[in-house]
Structure formats: C-alpha cells, structure tokens
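The values are calculated or read from the model by the stated rules, or taken from the named source; none is laboratory data. None of these values were measured; they are calculated from a predicted model. Quick reminder, even Gly has a Cβ in these numbers, built from the backbone with ideal geometry, and neighbours come from all protein chains shown. Protein only, heavy atoms only, side chains kept; ligands, DNA and RNA dropped before computing areas. Shrake-Rupley method; radii C 1.70, N 1.55, O 1.52, S 1.80 Å.
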Amino acid sequence: SNPTPAAAHTLYLLYASTGKVDKATSYLNEAISHPEITPADKAEYQYELAVYNYKSGRQLASLEAAKNAAEGTEDSSLKGRCYMLMANIWASVRCEGNEISSRAQYWVATDYAERARKADPDLAENAGTLISKCRQYYPATADAFMFDLRDGQTYEVSCNGFRATTTVRTQK
C-alpha cells in the first residue's frame with residue numbers, strides 16, 4: 001500500500017537531505033498525486049518540489065511544478081512565491097539566436113515578476129528588483145523594429161524546451 005501523503009513527504013525529506021534527487025522527487029511526486037491529499041497540501045508540496053528541482057538544476061521540472069502549485073492554490077502568498085520562482089527561472093534561461101530570440105526570456109521573467117507583485121504585495125520589492133535587472137536586457141527599439149516587432153505585440157518564446165507567450169518590450 002502507498003504511504004500517506006505525510007509519510008511520503010517525510011521520505012522525500014530524508015532522501016533530499018542525503019542528495020538522492022531522483023528518489024526524493026519520486027516520493028514527493030507520490031505525496032502530490034496521493035488520492036487523500038488536501039488541495040492546500042498538494043499546492044504546498046508542488047511548490048516545495050519546484051524549489052527542490054530549481055536547487056537541483058532542473059529548471060524545466062521546477063517551472064512545471066511551480067505552475068501547478070500556482071494554479072492549484074487560492075493562497076495569494078503561495079501564488080506570489082510560485083510566480084517569483086518562475087520569474088527567476090525565466091531570467092536564468094540562456095537562449096541562443098538573434099537580438100530578439102536571445103532576449104525574449106526577459107520579457108517572460110518580467111511577466112511573472114509582475115504577477116508575483118500583484119498576487120502578494122509583500123513581494124513588490126523583490127519583483128521590482130528583478131524587473132529592473134530584466135529591463136537592462138530588453139532589445140533596443142530599433143533592433144525590434146528590424147524584426148518587425150513593436151512594444152506591446154504578442155511574442156511566442158521557445159528556447160531549450162521552455163515555451164511561453166509574452167509581450168514585446170524594448171529599451172526606453
């Protein structure tokens with residue numbers, strides 16, 4: 001029989017503390033998918049999984065877990081933390097290509113930082129700091145224009161398995 005969500009979570013903590021990433025994440029996933037888990041615990045565990053994956057260098061898995069946690073909670077503080085983590089992940093993604101495709105991830109990071117600030121005003125300062133950093137990497141208006149892009153246009157980002165729809169922003 002499957003361990004309870006709490007027991008599976010305890011096993012996750014045990015394996016995480018010894019650096020056994022695969023084993024740890026499998027127990028945390030087991031807790032998350034347990035039929036008896038409460039929606040609140042599920043969202044908390046998904047956020048915990050997101051943070052653990054982030055620290056383990058598994059950005060895509062982290063983004064996915066954070067997205068699930070944000071969608072699964074009514075708790076604005078938890079929602080804010082999820083969005084802030086997603087903003088940090090997008091800000092750290094390295095994308096190749098031209099003036100636009102190598103910088104578009106900063107638009108997505110800005111989107112999530114703005115959502116974090118909206119969800120939880122306590123995150124306003126952190127979100128603002130991240131947005132300021134991202135803004136430095138926005139393309140110049142002239143460069144965007146050469147690619148037939150203008151501020152406010154919708155843009156599809158696809159980079160190293162990461163995908164998002166965002167808004168074009170240029171240096172002001």
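Can you pull out every residue in the stretch 25-60 that is small (Gly, Ala, Ser), closer than 23 Å to Thr73 by Cα and in contact with a helix residue (DSSP H, G or I) (Cβ under 6 Å, 6 or more places away or on another chain)? I'd like the intermediate steps shown before the answer.
Going through the stretch 25-60, the residues small (Gly, Ala, Ser) turn out to be 26, 31, 33, 40, 43, 50, 56-57.
Narrowing further to those that are closer than 23 Å to Thr73 by Cα: 26, 31, 33, 40, 43, 50.
Within the stretch 25-60, Ala31, Ala43, Ala50 qualify.
Say whether the condition of being basic (Lys, Arg) and within 18 Å of the chain's Cα centre (by Cα) is met by at least one residue in the stretch 138-155. Break it down stepwise before answering.
We begin by selecting, within the stretch 138-155, every residue basic (Lys, Arg); these are 150.
Filter once more, keeping what is within 18 Å of the chain's Cα centre (by Cα): none.
Scanning the stretch 138-155, I find no residue that is basic (Lys, Arg) and within 18 Å of the chain's Cα centre (by Cα), so the answer is no.
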Kindly indicate whether Lys67 is out of contact with any Pro (no Cβ under 8 Å at 6 or more places or on another chain), assigned to a helix (DSSP H, G or I), more than 30 Å from Lys20 (Cβ to Cβ) and open to solvent by 50 Å² or more (accessible area, probe 1.4 Å).
-> no
Counting only residues that are closer than 26 Å to Gly80 by Cα, among the aromatic types (Phe, Trp, Tyr) and not in a strand (DSSP E or B), how many does the stretch 138-168 have?
-> 1
The correct count of residues that are loosely packed, with under 15 Cβ neighbours inside 10 Å and part of a helix (DSSP H, G or I) in the stretch 82-99 is 1
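Those residues that are among the charged types (D, E, K, R) and open to solvent by 50 Å² or more (accessible area, probe 1.4 Å), I need them from the stretch 160-172; list them, please. Give the steps one after another, and end with the answer.
From the stretch 160-172, those among the charged types (D, E, K, R) are 163, 169, 172; that's our starting set.
Those that are among the charged types (D, E, K, R) and open to solvent by 50 Å² or more (accessible area, probe 1.4 Å): Arg163, Lys172.
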Tell me, yes or no, whether the stretch 150-159 has at least one residue that is of a type outside the set (Lys, Arg) and open to solvent by less than 20 Å² (accessible area, probe 1.4 Å).
-> yes
Subset of the stretch 100-137, residues open to solvent by 90 Å² or more (accessible area, probe 1.4 Å) and either hydrophobic (A, V, I, L, M, F, W, C) or part of a loop (DSSP other than H, G, I, E, B) (or both), comes to Gln136, Tyr137
Which numbered condition Asp143 misses (of (1) within 22 Å of Ala66 (Cα to Cα); (2) open to solvent by less than 70 Å² (accessible area, probe 1.4 Å); (3) of a type in the set (Asp, Glu)) = (1)
Only residues in the stretch 56-69 that are under 13 Å from Ala87 (Cα atoms) count as the first member; pair them with residues that are of a type in the set (S, T, N, Q) and open to solvent by less than 60 Å² (accessible area, probe 1.4 Å), Cβ under 8 angstrom, at least 6 apart or cross-chain, and list the lot.
-> Gln59/Asn53; Gln59/Ser92; Ser62/Asn53; Ala66/Gln46
Which numbered condition trips up Arg94, out of (1) at pLDDT below 95; (2) more than 21 Å from the chain's Cα centre (by Cα)?
-> (2)
Only one of (1) modelled with pLDDT of 95 or more; (2) assigned to a loop (DSSP other than H, G, I, E, B) is not met by Gln171, so which one is it?
-> (1)
Can you work out which of the residues in the stretch 101-124 that are without any contact (Cβ under 8 Å) to a residue 60 or more places away in the chain and of a type in the set (A, V, I, L, M, F, W, C) is nearest to Ala40 (Cα to Cα)?
-> Ala119
